[in-house]
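Computed from the coordinates by the stated procedures, all read-outs in this text should not be read as laboratory data. This structure is a prediction, so every number in the text was calculated from the model and none was measured. Methodologically, a virtual Cβ is constructed for each residue, glycine included, from the backbone with ideal geometry; neighbour enumeration extends over all protein chains shown.
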Amino acid sequence: MHVVGTAGHVDHGKSSLVRALTGTDPDRWIEEKLRGMTLDLGFAHLRYDDGVEAGIVDVPGHERFVHNMLAGAAGMELLLLVVAANEGVRPQTVEHLAILSYLNVRRTIVVLTKRDLVEAQALAEAEAEVRAALHGTLAQDAAMYAVSTQTGEGIAELRAAIHELLVALPSRALDAPAFLPVDRVFALAGHGTIVTGTLMQGTVRVGDTLRLDVPARSVRVRSLQVFGSARESAGAGTRVAVNLPGVDAAELQRGALLADPALAANASLQIRFRALPDAHGLLRRRTPVRAHLGAAEIFGTLVLERGLDLRDEVDGVLHLRRAATTYPGEAFVLRALSPKALLGGGTIGPAGAADVAEDAAPDDAAVAHALAESALSPATPAEVAARANVREERAAEILGGLLESGAARRLQKPVAYLDGTAAAALSERIAAILARREAEAPWMLGATSLALSRELPIDEQILLRFLASEADDGRIAARAGYYATVAHHPQLSAEQRTLFEQLVPIDAAQPLTPTALESVVDEMRRARVAGAAQAFDTLVASGALVKVGSDVYRGTQIGEIRAKLEAAIRRDGPITMARFRDAVGTTRKYAVPLMEWFDATGVTIRDGDLRALRKQHGQS
Ligand SMILES: Nc1nc2c(ncn2[C@@H]2O[C@H](COP(=O)(O)OP(=O)(O)O)[C@@H](O)[C@H]2O)c(=O)[nH]1
Ligand SMILES: [Mg+2]
């Protein structure tokens, strides 16, 4: 559904026009009826025989009530710019148009009212005058209809023209996180608090949990009404009334907001800002402003860098006196504090899906864009949803598709996503670094995450998750805390091989006796063989050397000791320390750490003073 809005100078016939189009008098308040003037927003339901329908928001035209006009302006998509044929364009005609140029109006119809008060000649002049006055505004190319609510002239034609534009309007983002600025609050006896507003995006369903702002709290949608009839759900562009249990109407006022909890509240907002040409002189580096966001008016400060050309759209920051929930791309208007002159307007950043593949659906493009924007910072599905302005389930669904096509990469612990292109680029850089390091130092098992994180450079915690995904996908090898290309097999230099054969010798007289680790390390340092320490790590990690307690064995020695141990247990059953010592032919000094090492590595299992083979134990 869509919302039609009125705009124009006071007394030009906006409310009369709404009544003529819908049969509903939008002037709701007794004061309005007594004074014959709209003070606040009015609402009506426009219905056609073929089922097409729209909400109409009627605004006050008096300059003192521009703040009320603004509370209803953001929801308008089809604008009826009302100009009395006998008066022509007046100040609030211009001001309303300027305000709406920053918001969401897509199509405009100029309605010349009070047709019955002017002759044909005067009407033609009025048309030409209005056309000239609207040149350069958003109403410049609008169709123009002359009507009279007194005689009914032109009303049917106007109704038909509105119908034609309504059916051609692009539908609103139903899948986006719900965003409902509250423009009315009231208590209904027996029902509690009702809030109404134009649902700007998303879908609201009975039973949904939404976040209320302000006061911030979680609320449940008990029931919904659209133009007086109960609904299970309502989509973007609908005028909707929401029944909120457990909320005191007295706590709420216009400017409150109901939103999907995925949307964040911030007191500082990145914005794109377009200044009203007349307001350049009022803008400073820091300008106090009233920000009109949704139906709210919030005081704040607009901060623009020095030296910007204000004829262009510029980036800026909007600091608000309170945090406000917004959605990316949300349009807003800024006015000065006093006098309340219009300063300009813009959209909340990030700019949304700008430079993405044209064939992708808008949501897919927004999700892809959100991923691309966060570059190498993994984004959780909830973060992606908030940045892309889609619901989390929708984001998860799209991410699944992107994952399959390679446009996204999934990391674990916690589940988070990277842009596929960024991930592929990182993957290539890692492969290049590994290949280079392996060529330079072939004796190394690979690179540590710390070394890689420094070289890339990239945060080590993120890199670790990325490396795990690389290893899972078989793009790299991960072992003993080192990362290497899949084809890498460490190779010691001839010098290194000779060194370690000497440092960890085999004594022919006592072939199973180890060497003290301390002496290996001391002599290794003294020998000054290039890469010796790294080669030692490789030998240990690959099992060619084995550290047991404070000693070093060759892998072959450990193999022989283990064979003797297993043979003894198979022959005689669970073994004591003394029998193990004798079976291996070693001393107690070496037997104790060896036995503990076999326990620790899962070869044996201890039961009191006896050890059994773990495998055998498991089978019995
Ligand atoms: N003669 C004539 N009077 C009209 C017409 N439309 C509105 N009016 C009168 O103009 C005055 C202002 O109308 P209203 O709809 O309240 O204007 P608004 O302030 O723009 O909402 C009222 O007295 C209406 O009766 C029209 O088409 N012809
Ligand atoms: Mg009115």
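Data overview
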{"read-out": "Among 236, 426, 502 the positive-end extreme of the charge dipole of the chain (Cβ point charges)", "value": "502"}
{"read-out": "Cα-derived Rg over Rh, computed across region 97-241 with Rh taken as Kirkwood radius", "value": "1.09"}
{"read-out": "Helix-only [θ]222 nm of the chain, DSSP H runs n ≥ 4, -39500 (n - 2.57) each, per residue, nearest 500", "value": "-10500 deg cm²/dmol"}
{"read-out": "Positive-end residue, the chain charge dipole about Cα centroid, Cβ charges, pick of 296, 550, 132", "value": "550"}
{"read-out": "C-alpha long axis of helix 362-373 to longest principal axis of the chain, angle in °", "value": "50"}
{"read-out": "Selected from 601, 466, 247, residue furthest toward positive end of dipole (the chain; charges at beta carbon)", "value": "601"}
{"read-out": "Karplus-derived HN-Hα couplings along region 176-186 (A = 6.51, B = -1.76, C = 1.60, θ = phi - 60°), whole Hz, x at Gly and Pro", "value": "6, x, 4, 8, 10, x, 8, 10, 9, 9, 8"}
{"read-out": "Cα gyration tensor shape of region 178-297, rounded if a/c is under 1.5, else prolate or oblate by comparing a/b with b/c", "value": "prolate"}
{"read-out": "Spin-label model distance (nm) - residue 206 vs residue 473, 7 Å beyond Cα toward Cβ", "value": "4.7"}
{"read-out": "Separation in nanometres of the label points that stand 7 Å from Cα toward Cβ, at residue 168 and residue 547", "value": "7.8"}
{"read-out": "Those lysines that a straight Cα-Cα span of less than 27 Å connects to residue 564, excepting residues fewer than 8 apart in one chain", "value": "547, 589, 615"}
{"read-out": "Rg/Rg_ref, region 141-208, where Rg_ref = 2.2 N^0.38 Å and atoms are Cα", "value": "1.66"}
{"read-out": "Shape category assigned to region 221-265 from the gyration tensor of Cα positions, a/c cut at 1.5", "value": "oblate"}
{"read-out": "Net +/- balance of residues flanking residue 296 in space, Cβ distance below 14 Å, scoring K and R +1, D and E -1", "value": "+2"}
{"read-out": "Linear extension gain, residue 563 paired with residue 456, 0.36 nm per residue minus alpha-carbon span", "value": "33.9 nm"}
{"read-out": "Check: region 111-163 dipole with +1 on Lys, Arg Cβ and -1 on Asp, Glu Cβ, in debye", "value": "180"}
{"read-out": "Kirkwood Rh, Cα atoms: Rg over Rh of the chain", "value": "1.24"}
{"read-out": "All lysines inside 24 Å of residue 340 as judged from Cα atoms, apart from same-chain residues fewer than 8 positions distant", "value": "14"}
{"read-out": "Charge dipole (debye, nearest 20) of the chain; +1 at Cβ of Lys and Arg, -1 at Cβ of Asp and Glu", "value": "2160"}
{"read-out": "Local net charge near residue 527, Cβ-Cβ under 14 Å (Lys/Arg +1, Asp/Glu -1)", "value": "0"}
{"read-out": "Region 1-131: antiparallel DSSP beta bridges as a percent of all, rounded to 5", "value": "30"}
{"read-out": "Net lengthening on full extension, residue 525/residue 278 (0.36 nm per residue, minus Cα-Cα)", "value": "81.1 nm"}
{"read-out": "Label-point separation in nm, residue 405 to residue 313, each point 7 Å along Cα→Cβ", "value": "2.5"}
{"read-out": "Against the rule of thumb 2.2 N^0.38 Å, how large the Cα Rg of region 476-620 comes out", "value": "1.18"}
{"read-out": "C-alpha center-to-center spacing [region 138-156, region 414-472] in angstrom", "value": "67"}
{"read-out": "Theoretical gain in end-to-end length, residue 495 to residue 301 [0.36 nm per residue, Cα-Cα removed]", "value": "62.8 nm"}
{"read-out": "Least to most buried among 512, 103, 293, 371 (fewest other Cβ within 10 Å first)", "value": "512, 103, 293, 371"}
{"read-out": "Nonlocal amide H pairs with residue 257, under 5 Å, H built at 1.01 Å", "value": "182, 213, 214"}
